1. Taking the Cα atoms only, what angle lies between the long axis of helix 202-211 and the longest principal axis of the chain, rounded to 10 degrees?
2. Evaluated at 4 °C with a viscosity of 1.567 mPa s, what Stokes-Einstein diffusion coefficient in µm²/s does segment 36-134 have when Rh comes from the Kirkwood expression over alpha-carbon pairs?
3. With a cut-off of 8 Å between alpha carbons and a minimum separation of six or more residues, what is the relative contact order of the chain in percent?
4. List the aspartates and glutamates whose Cα lies under 15 Å from the Cα of LYS287, skipping any in the same chain that are fewer than 8 positions away.
5. Can you list residues from other chains, or at least 5 along the same chain, whose modelled amide H is less than 5 Å from the amide H of ILE52?
6. Using a Gaussian network model of the chain whose springs link C-alpha atoms within less than 10 Å, name the residue from ASP218, ASP143, ASP106 with the highest mean-square fluctuation.
7. I'd like the Karplus ³J(HN,Hα) series for segment 180-187: coefficients 6.51, -1.76, 1.60, θ = phi - 60°, whole numbers in Hz, and an x wherever there's a Gly or Pro.
8. Evaluate the relative contact order of segment 165-228 (contact order divided by residue number), counting alpha-carbon pairs under 8 angstrom at least 6 apart; express in whole percent.
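What follows is calculated from the coordinates using simple rules that are stated; it is not laboratory data. Predicted, not measured: the structure shown is a model, and the values here were computed from it. Here the Cβ is made from the backbone with ideal geometry for all residues, glycine too, and neighbour counts use every protein chain on show.
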Amino acid sequence: MKLFLLLMICAITAFAAKAKVVELTFTFWGTDLEAKVVTEACEKFNKAHPNIKVTPMHIPTNYTEKLTAMVAAGTPPHIGYLYEPTVLDWASQGILYDLSEAIKNDSLLSDKLPQLYWYYDGGKKIAGITVAAEFMITYYNKDLFDKAKVPYPPTKPEEWTWDKFVETAKKLTFDSKGRTPYDPNFDPDNIVQYGAVIPLWWCPLLPLIWSNGGDIADETGTKPMINSPETMEALQKIYDLIYKEHAAAPPTVSDAFPSSNIALQTGQVAMVLDGQWSMQEAGEMVKEGSLNLGLAPMPYFKKPVTGVIGTPIVIFKDAVKNDPDVLNAALEFHKFIQDPENVLPLIRCGLWQPTTLDWYTKEEYINKWLNPEIHPAEYKAAVIDYYPYARPYPISYLKNSAEINTIFGQEMTRIFYGNEDIVKVCNEAAERLKSLLVGRYDR
C-alpha cells in the first residue's frame, strides 16, 4: 500500500511538473506582414516548446509610450522590441536584463555581425541584439539609365566615388526640354527628372560624412565634430549637388514624393540613397514588373562606408528576475527569434537582412535568403558582400543620442531647407551639442 501511494505521489508530481507552462509576453511593432510572420514564429516556437507559451503583442503605434507605461506600472513584457534611442538608457537604469553571459555561451548569438550588439556599462554588458540588419544603399531605376545610355553604378564599393555619383546624377537630370546640367541652357526651374535624392536625415547623411572623415562627435563621445572641416566639406558638397549642380532633388520636391520607390518607379528620380527597409516595397514593384530595379553601395568621398541600424530585442529584468524558469524561457525564445531561419519570410521579402555572420559569408545560407523574385541581380555584390563596410550609428553607443539626433536634424533643416551658411550653422550646432556629449555607453 505504501509503495502504491509513493508511486502515485511521484506520478502526480511528475505530471504537475510536466504540466507547468511558463507564459511569456512578446511585444513588437511593424507592418501587417511583419505581424503575421512574427506571430507565426511564436506559434512555431510554442509547438516546439510545450512548456512555454509566448503570446505576441503587436503594438503598431505609440510603441514607446505604451511600453513606458507598462514598465512604470510594474507590468513590463518579458521580452520585446525596443526603440533604439531608449535601449541603452533603460539598460543603464537596470530595466533590462544583461545578455552578455547568454551570448557568450551560445554559438548562434555570439556569431552575429559585431555592429549589432548593444553594449553598455563600459562595454561589459549587452542590452540586446539587433534582430534585423538594415544597411544604407543606393537604389536606382535601370530603365532610366538605359534610356539615357548611362552605365549602371558599380557594385564594388571602392569604385562608387562621390565624383562618379555626381557625374552620373547630372547625366540623369533633365529639364522640360531634355537638357542636362552639362548643357549651358539647362533650366533648373523646370526639372522633370532628377538624377538623385538624398534624404536629409542622419541615416543617409552620416555615412557620407563618415566617408569624408567627419562625424557628429569624436571617438570618445565628448567633443563635437559637427563643425570639423571634414564634416562641413561633406555637407557643402551634398548641398552643392542639390542647389549648384541641380542634380539632386531639393527637399521641397522630394518631400512631396509618396515614397522614394514610387519616385523611382514613376521616373521622377533615377537614384535614391535609402535603407534596406525600402527593399520590401521596391521588391514588390520588381515582382509585379513595374520597376526595373538596380542596387549599388553608398557613394563615398574618401573611404567606402555605410551605416547599419536595426531594432534590438531585449529582456525586461523585472519580468524575469523572480523565477529562473521564466528567465530561462525568455532566453530560449530570444535565441529562437534571433535565428534567421525562424523569420526567413521577413528576410526573403526584402524587409530585413539577417544578422548572423554566416548568412553573409557562406553560400548555403546566402542562398536561403536571396530571393530572385525580389532581390535584383546586384544584391549579393552591392549588399551582402558590403557587410565589412558597415558601421553602427551613434544611437547604438553615444549617450544622449536622442537629443543629439534631434539637434542634428534641426541644424540640417537650417542648411538644406533654410539655405543658411554651413560654417555658421555647424559652429552653432557644436555649441548646442557640447553639454550633451558626455561619453559613450560602450567605453
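1. Once rounded, one gets 70 degrees.
2. The calculation lands on 85 µm²/s.
3. Relative contact order here is 24 percent.
4. GLU373
5. Residues meeting the amide H criterion: VAL22.
6. Comparing ASP218, ASP143, ASP106 in a Gaussian network model of the chain, the most mobile one is ASP106.
7. 9, x, 6, 7, x, 9, 3, 9
8. Relative contact order of segment 165-228: 21 percent.
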